[in-house]
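Take a look at the structure set out below.
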Amino acid sequence: MRSPISLLIIVLAALAGLAQAQDIADIYSNLESCDVTVSGDVADSTLNLQLSFEGKVIQTRSIALDGPGTWVATWSKFEAQEGSYQVCAALARDGEQVAQSCYAFSYGGRVPVRFDVRDFQADSRGIHMTIAARDPTIVDMDYMLISGNKVLYLGREEAYAITGGSYSPVLMIWEWKQLLDNGRRYAGRVKITELSHGQTRAFMTDFVAKDDARITETYEDEMGASATVLGSSRVPFEGKLRFVLFHNGTELDSIEKKTPVLLVDDDETVEISWNETLDPGIYRLQVLLMGNNDDLLDMRETVIEAEEMARPAPAAEPEEESPMPVGAAALALLVLALARGRRRSQA
């Protein structure tokens with residue numbers, strides 16, 4: 001049986017191991033934003049951030065953590081001076097600091113840029129970026145989907161070669177892996193590290209997720225119509241198509257039909273039939289694509305030139321057949337006439 005002292009030692013060792021398990025694994029910052037990766041049992045902990053210029057704290061941030069992962073904070077815009085900056089991240093639990101890490105960087109001066117990001121955008125589909133380098137360059141890229149301060153998804157592309165040259169930027173697109181909530185605000189972030197010189201740059205922008213789709217093809221005739229819809233968002237598209245038929249400026253028919261649920265690059269065709277076959281004439285057709293909130297996303301207008309439908313000719317009635325062939329009847333009459341003539345000559 002263990003003594004109370006040995007049990008106390010075991011408990012203290014376990015607590016020490018728990019505290020050691022809480023760690024700041026990585027930190028990066030520039031003058032716009034900062035990302036910090038924490039590991040271990042950090043639920044209910046606080047991440048405290050300080051941005052300093054030449055030893056003077058100029059901005060602070062605090063993030064309440066619900067678990068390990070990567071967390072992002074943005075700095076307020078300010079008149080930056082050339083010089084040395086430092087960001088320190090401190091992990092605290094129950095008012096006690098359990099881990100700390102700092103990252104130093106410089107602003108201003110002449111720094112050779114190994115790669116250049118020409119355009120950067122994040123939307124409901126993913127991240128879109130054009131990147132160029134004067135000389136062939138190898139980079140690592142981390143791309144992140146962020147909600148609030150928390151990185152929901154972090155993908156990495158290692159040892160990517162940029163070889164297009166400064167006049168031929170490369171277009172890169174990363175599609176989100178998660179489904180997005182319609183109307184929710186997110187941010188997209190890319191962190192690029194040039195391996196041979198250790199140069200790191202980050203780009204970040206926010207967006208509001210929205211369902212999106214478009215009509216790619218329609219078909220129409222006297223019997224009905226159809227439309228093909230292509231999804232283009234990671235918000236599930238659960239909209240509908242509205243087919244509106246006009247003749248001589250008067251609305252004749254309006255038919256709505258829900259589309260199947262669509263995501264990026266999913267396409268489905270929806271078909272409808274008119275209440276009755278259209279009479280000959282010229283008709284105008286509107287095809288409206290309505291989103292999840294019944295907002296108009298796309299439309300097509302076209303003309304239906306209805307022609308008179310060809311009717312099958314009635315089947316010809318069969319002629320009544322004579323009970324005796326014509327030739328046989330004529331022969332019978334001839335034989336009868338000869339027989340009568342013979343009787344008269346005998347008389």
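The values are calculated or read from the model by the stated rules, or taken from the named source; none is laboratory data. Keep in mind that this is a model prediction, so the values were computed, not measured. FYI the Cβ positions are ideal-geometry reconstructions off the backbone, even for glycines, and counts take in every protein chain you see.
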Discussion item. For segment 273-296, give me each residue that is of a type in the set (D, E, K, R) and either exposed (fewer than 15 other Cβ atoms within 10 Å of the Cβ) or part of a loop (DSSP other than H, G, I, E, B) (or both).
Written reply: Glu276, Asp279, Asp294, Asp295
Discussion item. So if I check each of Leu179, Leu245, Leu195, which one is in the same structural domain as Met290 (by TED's automatic domain parsing) and either surrounded by 16 or more Cβ atoms within 10 Å (Cβ to Cβ) or of a type in the set (A, V, I, L, M, F, W, C) (or both)?
Written reply: Leu245
Discussion item. So for segment 160-171 (the condition being touching a residue at least 24 places away in the same chain (Cβ under 8 Å), crowded, with 18+ Cβ neighbours inside 10 Å, among the hydroxyl-bearing types (Ser, Thr, Tyr) and more than 28 Å from Arg300 (Cα to Cα)), does at least one residue qualify?
Written reply: no
Discussion item. So if I check each of Gly291, Gly249, Gly224, Gly239, which one is without any contact (Cβ under 8 Å) to a residue 60 or more places away in the chain, under 12 Å from Asp212 (Cα atoms) and of a type in the set (Gly, Ala, Ser)?
Written reply: Gly239
Discussion item. Just checking, does segment 237-252 include any residue being among the basic types (Lys, Arg) and part of a strand (DSSP E or B)?
Written reply: yes
Worksheet, complete the sentence: The residue from Lys191, Lys240 that alone is modelled with pLDDT of 95 or more, closer than 16 Å to Glu271 by Cα and among the charged types (D, E, K, R) is Lys240
Discussion item. For segment 265-283, which positions are at pLDDT below 95 and hydroxyl-bearing (Ser, Thr, Tyr)?
Written reply: Thr277
Worksheet item: Of the conditions (1) in contact with a helix residue (DSSP H, G or I) (Cβ under 6 Å, 6 or more places away or on another chain); (2) without any contact (Cβ under 8 Å) to a residue 12 or more places away in the chain, Lys56 fails just one. Which one is it?
Response: (1)
Fill in: Failed criterion for Arg61 (all others in (1) modelled with pLDDT under 95; (2) among the basic types (Lys, Arg); (3) surrounded by 13 or more Cβ atoms within 10 Å (Cβ to Cβ) hold)
(1)
Worksheet item: Out of curiosity, is Lys240 of a type in the set (Lys, Arg) and not assigned by TED's automatic domain parsing to the domain that holds Ile146?
Response: yes
Fill in: Residue check for Thr200: more than 30 Å from Thr37 (Cα to Cα), of a type in the set (Val, Ile, Thr) and surrounded by fewer than 21 Cβ atoms within 10 Å (Cβ to Cβ)
no
Worksheet item: Since Val170 meets every condition but one in (1) in contact with a Lys or Arg (Cβ under 7 Å, 6 or more places away or on another chain); (2) at pLDDT below 90, which condition does it not meet?
Response: (1)
